[in-house]
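Colleague: Can you read through this structure? Questions will come right after.
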Amino acid sequence: MEPPIPKFNLDVIHTLRELQQQHGLKSFDYQRYRQYCTRRLRRIHKTVKMFAGTQKKYKGLVIQPEDVTDTRILMILLLQAERAWAYGEQLKYDHSTTDAPRLHRHYALKMAKAVAHAQKLLQITKYVANERTITEVEAYTNEILGHFHVSKKDYSAAKDSYLKARKVYVSQQESSTPMVKAAYLQRISDLDQNMRFCNYNLGDDATAQTETLQAGGSSGVLKWRGKTISVNSEKVRLQLATAEQATSDISSQLEKEAEAITASMLNKIIDMYVASSLMGYSHDHVGCWFWKHSTVEWIELVRKDNSLI
């Protein structure tokens, strides 16, 4: 009987945040980050003595669950997915500046390759990793899958994938340390921005978050009383976006309530005029009694005394 495979732990999201912030993505330099992933992969291959061939011939590296002896083997698959994703993002930027069709095709192929590496990582972790690592890899795979759907302009499927990843990040950050929680919050903020992009392309403005405050966006700028303030903290940007969304929801609800009260008041006017005609009262008397208050004052009176409507 074979001994049980040990359960390894890999903090996927926290590890990626540290790597991305230190090697180019803080300034959106995807080429620098891709080159770092290549160098890091070469070092790991030499350390664990796992190669994809010789100097003269490429054979391909096939990793099986029994080949995983420590977390560095899992890092190989993770870095392969990150390298392909970073290459795709670089091509996406180049395509936006040159508008060459071949760059978009190349970008979609790289995103498909990133999905393949992420799914292979998920398949391996289900055998050799603990539950938390498996959950993080599943969310990461959904996020990469969302990027792939965006490259294919399937925004509905991309939004669903982003939403699945976001739910996992939200649930995991509640029981995490402050450092890991900051990494989750950054991912949540990026996913919110991606879902707003999908909503825009789907024409679903009702569910898109407000665009007056781009606190969760890449700009990180807050406009207040004519001044522009740079917001660098991911936690603060997320809280600002949440507060702005709550303010927008409250304003919409108040507008709906005001419209409902105004409609009820108009119906009351008609009833009053009809009743005054039947009882012999002058219409001028009724009109003066009603319009001596402004519309805002009448809304406050109606709210205090429901018998008026």
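Colleague: Scan segment 18-43 residue by residue and report those that are farther than 17 Å from A84 by Cα and at pLDDT 90 or above.
Modeller: E18, Q21, Q22, R43
Colleague: Looking at (1) closer than 16 Å to S151 by Cα; (2) modelled with pLDDT under 95; (3) among the β-branched types (V, I, T), which is the one condition that is false for V115?
Modeller: Going through (1) closer than 16 Å to S151 by Cα; (2) modelled with pLDDT under 95; (3) among the β-branched types (V, I, T) one by one, V115 breaks only (2).
Colleague: If you take the residues of segment 51-88 that are over 18 Å from A116 (Cα atoms), at pLDDT 85 or above and polar (S, T, N, Q), which of them is least open to solvent (accessible area, probe 1.4 Å)?
Modeller: T71
Colleague: Could you list all residues from segment 120-131 that are assigned to a helix (DSSP H, G or I) and either buried (at least 16 other Cβ atoms within 10 Å of the Cβ) or in contact with an Asp or Glu (Cβ under 8 Å, 6 or more places away or on another chain) (or both)?
Modeller: Those that are assigned to a helix (DSSP H, G or I) and either buried (at least 16 other Cβ atoms within 10 Å of the Cβ) or in contact with an Asp or Glu (Cβ under 8 Å, 6 or more places away or on another chain) (or both): K120, L121, L122, I124, T125, V128.
Colleague: Related question: Across segment 146-164, what is the number of residues that are free of Cβ contacts under 8 Å to residues at least 40 places away in the same chain and crowded, with 23+ Cβ neighbours inside 10 Å?
Modeller: 2
Colleague: Of the residues T47, T97, only one is in contact with a Lys or Arg (Cβ under 9 Å, 6 or more places away or on another chain), among the polar types (S, T, N, Q) and either more than 19 Å from I144 (Cα to Cα) or loosely packed, with under 11 Cβ neighbours inside 10 Å (or both); which? If you could, list the steps in order and put the result at the bottom.
Modeller: Details: T97 fails: in contact with a Lys or Arg (Cβ under 9 Å, 6 or more places away or on another chain).
Checking each option against the conditions leaves just T47.
Let's see how each residue does on (1) under 20 Å from N142 (Cβ atoms); (2) at pLDDT 50 or above; (3) assigned to a loop (DSSP other than H, G, I, E, B):
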site: M179; (1), (2), (3): no, yes, no
site: A182; (1), (2), (3): no, yes, no
site: L185; (1), (2), (3): yes, yes, no
site: D192; (1), (2), (3): yes, yes, no
site: M195; (1), (2), (3): yes, yes, no
site: Y200; (1), (2), (3): no, yes, no
site: A206; (1), (2), (3): no, no, yes
site: G216; (1), (2), (3): yes, no, yes
site: S219; (1), (2), (3): no, no, yes
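The values are calculated or read from the model by the stated rules, or taken from the named source; none is laboratory data. Keep in mind that this is a model prediction, so the values were computed, not measured. Counting neighbours? That spans all protein chains shown, and the Cβs are built from the backbone with ideal geometry, glycine included. With ligands, DNA and RNA removed, areas are computed over all heavy atoms of the protein, side chains included. Shrake-Rupley method; radii C 1.70, N 1.55, O 1.52, S 1.80 Å.
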